[in-house]
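Here the structure comes first, spelled out in structure tokens, and everything after it is commentary.
The values are calculated or read from the model by the stated rules, or taken from the named source; none is laboratory data. Since we're looking at a predicted model, the values are computed, not measured. Cβ placement follows ideal geometry from the backbone for every residue including glycine, while neighbour counts extend to all protein chains displayed. Ligands, DNA and RNA are stripped out before the accessible areas are found, and what is left, the full protein with its side chains, is counted by its heavy atoms. Shrake-Rupley method; radii C 1.70, N 1.55, O 1.52, S 1.80 Å.
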Amino acid sequence: MSKQPDDWLDEQPDAQPDENEDEVVWVSKSEIKRDAEALKKLGVELVELGKNGLEKIPLDDDLLAAIELAQRIKKEGRRRQIQLIGKMLRARDVEPIHQALDKLKNRHNQQITLFHKLETLRDHLIELGDDGVAEVIALYPEADRQQLRSLVRNAQKEQAAGKPGKTARLIFQYLRSVAAAD
């Protein structure tokens with residue numbers, strides 16, 4: 001007697017697919033290449049960081065040595081070293097590295113924003129004179145009113161004479177120091 005294809009399932013209860021087993025996730029070759037390219041770009045970002053930036057990134061010794069080597073070499077050797085760094089990153093958890101890089105970039109963006117704010121404040125201060133000094137004192141109570149007034153008067157005189165803005169730079173530096181102390 002020949003068995004029907006469904007009969008063998010009735011005789012072997014273990015042949016049923018187990019619902020608890022994890023599904024096999026099929027990953028395309030293109031997706032693997034995209035992931036590898038993303039890790040290579042992360043490697044390029046790491047290589048372009050300075051020594052101070054690298055100290056703030058959680059890297060193991062092998063990866064740090066490979067990055068430092070890539071920073072020293074040029075042209076084709078550098079490209080190949082970056083490929084090696086990308087390959088090394090595939091075997092590591094890169095999430096802490098991404099978080100540390102984002103933190104570094106954000107700090108940089110915050111500094112740029114602060115500098116733009118202080119430049120605008122400086123220009124506003126020179127334009128308004130004593131009224132601008134009062135606004136700065138309202139923003140930064142620890143600022144020295146007399147020093148600011150003196151710097152503003154000198155900057156206004158330089159502008160009127162058409163001279164380079166040496167005092168304007170001094171105002172910016174003073175505002176930056178006051179903002180840093182705040």
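Out of the range 144-175, which residues are within 25 Å of Gln111 (Cα to Cα), small (Gly, Ala, Ser) and modelled with pLDDT of 85 or more?
Ala155, Ala168
Check the range 107-125 and report whether any residue there is under 18 Å from Leu49 (Cα atoms), among the charged types (D, E, K, R) and loosely packed, with under 13 Cβ neighbours inside 10 Å.
yes
Any chance you could count how many residues in the range 48-67 are among the hydrophobic types (A, V, I, L, M, F, W, C), over 12 Å from Leu101 (Cα atoms) and touching a residue at least 24 places away in the same chain (Cβ under 8 Å)?
2
Can you name the residue in the range 86-111 that is of a type outside the set (A, V, I, L, M, F, W, C) and assigned to a loop (DSSP other than H, G, I, E, B) and is also farthest from Leu69 (Cα to Cα) among such residues?
Asp93
Which one of Lys75, Lys105, Lys40, Lys29 is modelled with pLDDT of 85 or more and within 22 Å of the chain's Cα centre (by Cα)? It would help to see each step written out before you state the result.
Values: Lys75 fails: within 22 Å of the chain's Cα centre (by Cα); Lys105 fails: modelled with pLDDT of 85 or more; Lys29 fails: within 22 Å of the chain's Cα centre (by Cα).
Unique residue meeting the criteria: Lys40.
Give me a count of the residues in the range 126-145 that are hydrophobic (A, V, I, L, M, F, W, C), more than 20 Å from Ala180 (Cβ to Cβ) and open to solvent by 70 Å² or more (accessible area, probe 1.4 Å).
Number of matching residues: 0.
Are there any pairs, at least 6 apart or on different chains, whose C-beta atoms fall under 7 Å, with the first in the range 89-117 and over 18 Å from Leu59 (Cβ atoms) and the second open to solvent by less than 90 Å² (accessible area, probe 1.4 Å), and if so, which?
Leu114/Ala179
Just need a number here: residues in the range 29-57 that are under 15 Å from Leu104 (Cβ atoms) and open to solvent by 60 Å² or more (accessible area, probe 1.4 Å).
Residues that pass the stated criteria total 6.
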